[in-house]
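Nothing in this text is a laboratory measurement; each read-out follows from the coordinates by a stated rule. Quick caveat: nothing in here was measured; it's all calculated off a predicted structure. No Cβ is skipped: glycine too gets one built from the backbone with ideal geometry, and neighbour counts run over all protein chains shown.
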Amino acid sequence: MAALATSTVSLVGVSIFFVLLTYLTFQLLRRYLYKWNMMKPIPEIGGTLPIFGNALQFKANAGDFFCQLIGYTDTFRDTPLLKVWVGTVPFLILFHAETIETVLNNPIHMEKAYSYKFLHPWLGTGLLTSTGTKWRQRRKMLTPTFHFSILTEFLEVMNEQAEVLVDKLEKEAGKGPFNCFNYITLCALDIICETAMGKNIYAQSNFDSDYVQTVYKMSDILSRRQRMPWYWLDFVYNYFGEGQEHNKRLKILHSFTSSMINERAHYLKNYHESDSESDQGMRKRRTFLDMLLKTTDENGKKLSHEDIQEEVDTFMFEGHDTTAASMNWAVHLLGCHPDVQAKVQQELQDVFGDSDRPVNTEDLKRLKYLDCVIKESLRLFPSVPFFARNIGEDCEINGFKVPKGANAIMIPYALHRDKRYFPEPEEFRPERFLPEKSMGRHPYAYIPFSAGLRNCIGQRFAVMEEKVILASILRNFNIVSCQKREDLRPVGELILRPENGIWIELKKRKRQTPGY
């Protein structure tokens, strides 16, 4: 009897399981068909299959995939809206200022898209990936860190690391072509570690940085998983995909940032500024991590180690990789356009003369043409090639009905090539960003730092760093690019990078007449 009862219970359990599975499958299928039917009038790239969508059409190589995606935006440039299906998830491809404004300017659509969930094991739900109340609290808490008065303290570090970079580049000057990508990236890593974490890791002295190489690898792994829906289920990914490699890389990234958090926490616990230190003019620099370690919520509760870790990982990745890529693209463009380079160097001569003094806050304000160069570089090669939002409610975009749960992917690379706002868009013309030329331009026609409520919190930090580093390079060297635009082959992973680096030649500049 006992065996019969056990068998009956087992059969009931199995029956309930299959009933639940059938119900969930039905609900998922019902939602899928609802979205499919509602979005049917929206133009699509073609070849869409049930369940798989367009995923089987996507190129496996990241560089090929990016070219493919940009090819779609060229083909459908005059289409009011465009969609692709990645598995059962519909994505609107947005690359017109008007449609992008509709999404980014509406707080209902503030949640990041489904594909961002694959970043959670690395970045947790920090400022980049969180939503709702948590995002609002963190944004409010972190905003004071980027106040101008604090950013000016970071100038000292930026100048120090720029000097190290110039010393490294000097060894390459006059010796023919070399790849400058890693030099600039390691400089950006040293800057973010010291300004945000309070620790100098001397990355520029360690050319094969484990952290940098792991960030590159992780970006490749994650972007590949995002466009392959058959790997979206964790158990499938772990057994048949790159789960083991992903977890191996994750340990390297987390151990790097965790050690810095623990070291800084220990330092702050034992730090006491003495009168003698104050008398000698020594002071502790404020850092992003210090604020995280000291801050409390409305109930007086401190952030947990996990809370701090996810913000540190986010800031480390966003704070060095995006800026490094942007500076490298700018170096390439300056090396391709000696006339623009000469104008920047004339501006630097006007501001600094022949002195080798560091850059100060007043200098940053005066470097107006360099600011235009940075903006135009970011127009042609935005560091973040695309970002996405979840559509938070049924709505209309450009006359088409779009259901709640669809995703919208913004492509700045394509948006910034809209001829309505940037005539001859492939031409490098920094003058486009002079005040008189920018007047009347659509506010969402140029969004290298995103826009709306979730714009990049660190954009002033990034531009300040770029100005200091580029000014330091151009005060000391003339740049000659060794690649044509078509040789660069941008790779659109999490960050837009050139597939084979940035190859340049440097020529040491001669000082002009002393006493300028």
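Taking amide H as placed 1.01 Å from N in the peptide plane, Gly198 has no amide H partner under 5 Å among residues 5 or more places away or on another chain.
Let a ≥ b ≥ c be the square roots of the eigenvalues of the Cα gyration tensor of region 159-271; is it rounded (a/c under 1.5), or, if not, prolate (a/b larger than b/c) or oblate?
Taking the square roots of the gyration eigenvalues as a ≥ b ≥ c, region 159-271 is oblate.
Cα extents for the chain along the principal axes, largest to smallest and rounded to whole angstrom: 100, 59, 42. The overall shape of region 426-480, judged from the alpha-carbon gyration tensor, is oblate: a/c is not under 1.5, and a/b is no greater than b/c.
Would region 433-516 count as rounded, prolate or oblate if I go by the C-alpha gyration tensor, calling it rounded below 1.5 in a/c and otherwise prolate when a/b exceeds b/c, oblate otherwise?
Oblate, because a/c is 1.5 or more while a/b does not exceed b/c.
The orientation-averaged projection of the convex hull spanning the C-alpha atoms of region 100-175 amounts to 9.3 square nanometres.
Summarising the amide proton neighbourhood of Arg509: residues at separation of 5 or more, or on other chains, whose placed amide H is nearer than 5 Å comprise Phe477, Asn478.
Given the -39500 (n - 2.57) contribution per DSSP H run of 4+ residues, what per-residue ellipticity at 222 nm results for the chain, rounded to the nearest 500 deg cm²/dmol?
Values: 20 runs with 273 residues, N = 516.
That comes out to -17000 deg cm²/dmol.
Against the chain, whose longest principal axis is taken from its Cα atoms, helix 305-336 shows a tilt of about 60°.
Tell me, what does the Kirkwood hydrodynamic radius of region 78-232 come to in angstroms if you use every pair of distinct C-alpha atoms?
Roughly 19.4 Å, rounded to one decimal.
Over region 328-383, what number does the Rg to Rh ratio reach, with both radii from the alpha-carbon atoms and Rh per Kirkwood? The partial results should precede the final answer.
Working: Rg = 11.9 Å, Rh = 12.0 Å.
Reported Rg/Rh, Kirkwood definition of Rh: 0.99.
Structural descriptor for the chain: relative contact order 25 percent, calculated from alpha carbon pairs under 8 angstrom and at least 6 residues apart.
Rounded to the nearest Hz, the phi-derived 3J(HN,Hα) couplings of region 423-438 under the Karplus curve 6.51 cos²θ - 1.76 cosθ + 1.60 (θ = phi - 60°) are x, 6, x, 7, 7, 8, 9, x, 4, 4, 9, 5, x, 5, 7, 8, where x marks glycine and proline. By the rule of a C-alpha distance below 16 Å, with chain neighbours fewer than 8 residues away ignored, the lysines paired with Lys269 are Lys199, Lys284, Lys294, Lys302. As a length-normalised measure over Cα pairs under 8 Å and 6 or more apart, the relative contact order of region 321-404 settles at 32 percent. Proximity of backbone amide H atoms, modeled 1.01 Å from N, is registered between Leu82 and Ile93 at under 5 Å, excluding neighbours fewer than 5 places apart on the same chain.
For region 76-143, the calculated P(r), taken from all Cα-Cα distances in 10 Å bins from zero up to the bin holding the longest distance, is 17, 39, 33, 11, 0 percent.
Only Lys, Arg, Asp and Glu carry charge here, each on its Cβ (+1 for the first two, -1 for the last two); on that basis the chain has a dipole of about 1080 debye about its Cα centre. Beyond 25 Å in Cα-Cα separation lie the following of the pairs Lys35/Lys112; Lys437/Lys507; Lys59/Lys217; Lys112/Lys404; Lys59/Lys375: Lys437/Lys507; Lys59/Lys375.
Which whole-angstrom value gives the distance between the alpha carbon centres of region 68-117 and region 31-49? Taking the Cα centre of region 31-49 as reference, the centre of region 68-117 is 14 Å away. As a proxy for reagent exposure, ranking His442, His320 by other Cβ atoms within 10 Å from fewest up yields His442, His320.
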